[in-house]
Amino acid sequence: MISPFVAIRRELHKIPEPGFSEFKTQQFLLSFIAQMPQEHIEVTTWKTGVLVKVNGTSPKRMLAWRADMDGLPIEEETNYDFRSEHPGYMHACGHDIHMAIGLGILNQFAQCPAIDDLLFIFQPAEEGPGGAEPMLASPEFRRYQPDAIFALHIAPEYPVGTIAMKEGVFFANTSELFIDVKGRGGHAAYPHLANDMVVVAAHLLTQLQTIVARNVNPLDAGVITVGKIEGGTKQNIIAETARLEGTIRTLSQDSMQKMKQRIEALVQGVETGFDCQASIDYGAMYCQVYNDPKLSEKFMTWLDQQEDVTLVRCTEAMTGEDFGYFLAEIPGFLFWLGVDTPYGLHHAKLEPNEQAIENAIGIVTRFFRQYANVMSNEIK
C-alpha cells in the first residue's frame, strides 16, 4: 500500500500545467489543505499559487518552505499508469514531488504546530515566465515577511536518503535567449535573388559556440545552449526568417553581462555581413541560487548527525532556479534530494523513486522541530 503523499504525488503528476495556468493544481492543493485541521492555519492565494501560514505556539520568527507547481511542455514517455492527462505536458522536473513533500510537511505542523510561525509557499511558474520575483513583490506575500526560507529540488543522480548541497553560489544565473533573423525569401533555383536565413542561423549558431571558449575566463564557468532552430517552410523555398532559441548560464553576474555583450556584437555582425535584420529577446532571467553560508553549514552539521541521511557536500551546478530571487532577499538555502533514476531532469522518461517523498517529509519535519528554532535565533 502506498503512502498518502505518494498517492498525492501521483494525482498531481496527472495534471501538469503551464506557468500561471496551474488552475487544477491550485484547486487540488486547496482541497487537500481544507481537509487538514484549520485551527492553526491561514490560507491565502496569489494568482495560481497558494500561501499557508501555520501559527506557532510562541513565535518569535517566521520560517518558510517553498515548493514549485508548474509542469513542462514535454510529451510523457514513462511507464506509469498515472501518466499525464494533459497532452504535451509533463511533470518532468519533479514539481509534483516537491508539492507532495510540501503538503506532507505542512500536514505535520497543521496538526502539531512548531514554536515559530511557518509559511508554506506553493509557487507557480518556476519553469517560466518566472513566479518567484512577482510573488515576492505581491502584497499577499509581503504581509508575511519570513526571516528564513528553505527548499529542495529532486536530483536523479543521487540515491534515496542522500542530500547534496553546498554553501554560497549553488545554482547559476540564467537567461533565456531568442534570436530572430529576417531577410529575403525566394525560389531555391535563384539564390542570388534571395537572402537565406537558414544559412544565417547556421553561421550564428557556430559563432555563438565560440563565446564560452574564447571570451569567458577559463577559471569561471558559462554555458550557451541553442536547443531549438526554426526556419523555412519547404525544401525548395529559401527561408525568409529563422529563429534560434536557447539559454545562457553563468556562475557570476559579470560573466552574464559579458556574454550578452558578445552575443549582441555577433548578431550585429551577422546583420552587416548577411544584409539582414536581427533581434534579440532575453526572455526570463533568473538570478543565482546563493545558499546562506551560516545557515547552510548549520544544516549540514545537523545532517551529519542524522542516521537516516547521507550528506554529500557537492559542487555548484549550472542549473537555473527562480528560488534564487527568494534567497536574494531572505537568508536560507536549497538542497538536492536524491531520487535515484537513470533519466535526468526535463527528460520524458523521468521516473523518480517515490520513497524519497516520505524520506524528505521526515527529514524536514524533524529539522524544523529539532533545530530550526535554535537556528532562527541567529537569523537576525
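Rounded, prolate or oblate for segment 25-114? Axes are the square roots of the Cα gyration tensor eigenvalues, ordered a ≥ b ≥ c, and the cut-off for rounded is a/c under 1.5. Intermediate values should be presented prior to the final figure.
Values: a/c = 2.51, a/b = 2.44, b/c = 1.03.
Taking the square roots of the gyration eigenvalues as a ≥ b ≥ c, segment 25-114 is prolate.
Which lysines, if any, have their Cα less than 17 Å from the Cα of Lys349, not counting same-chain residues under 8 positions apart?
Straight-line reach from Lys349, under 17 Å: Lys14.
Please grab the % of Cα pairs in segment 125-218 that end up more than 17 Å from each other.
76 percent
Using a Cα-Cα cut-off of under 20 Å, which lysines could be cross-linked to Lys47, ignoring same-chain neighbours fewer than 8 residues away?
Lys24
How large is the Kirkwood hydrodynamic radius of segment 238-310, counting all unique pairs of alpha carbons, in Å? Mind dumping the intermediate values first?
Numbers: mean 1/r = 0.0605 Å⁻¹.
Across segment 238-310, the inverse of the average 1/r is 16.5 Å.
Lys and Arg at +1, Asp and Glu at -1: add these up for the other residues within a Cβ distance under 15 Å of His40 and post the number.
That sum, taken over residues with Cβ under 15 Å, equals -2.
Based on Cα coordinates alone, diagonalise the gyration tensor for segment 173-285, multiply each eigenvalue by 5, take square roots, and list the semi-axes in whole Å, largest first. The partial results should precede the final answer.
On the way: eigenvalues 171, 32, 23 Å².
Over the Cα atoms of segment 173-285, the semi-axes work out to 29, 13, 11 Å.
Per DSSP H run of at least 4 residues, take -39500 (n - 2.57); add these up for the chain, divide by its residues and hand me the 222 nm value, nearest 500 deg cm²/dmol. Display every interim value, and only then the final one.
Details: 11 runs with 126 residues, N = 380.
So the helix-based figure for the chain works out to -10000 deg cm²/dmol.
Order 106-116, 124-134, 311-321, 63-73 from most to least packed using the mean count of other Cβ atoms within 10 Å.
Going from most to least packed, we get 63-73, 124-134, 106-116, 311-321.
So for each of 228-234, 9-15 I average, over its residues, the number of other beta carbons within 10 Å; can you give me the resulting order with the highest mean first?
Ranking the peptides 228-234, 9-15 by packing returns 9-15, 228-234.
How about Lys228: which lysines have a C-alpha closer than 19 Å to its C-alpha, ignoring those fewer than 8 places off in the same chain?
Excluding near neighbours in sequence, the set is Lys182, Lys260.
Just the number, please: percent antiparallel of the DSSP beta bridges in the chain, rounded to the nearest 5.
Values: 46 of 67 bridges.
The antiparallel proportion sits near 70 percent.
Give me the tail of P(r) for the chain as a percent: Cα-Cα pairs with distance above 34 Å. Spell out each step's value before the answer.
Values: 24126 of 72010 pairs.
Tail of P(r) above 34 Å: 34 percent of Cα pairs.
Values quoted throughout were computed directly from the atomic coordinates according to the rules given, and no laboratory measurement underlies them. All values derive from a computational prediction rather than experimental measurement. All Cβ positions, glycine included, derive from the backbone under ideal geometry; neighbour counts span all protein chains shown.
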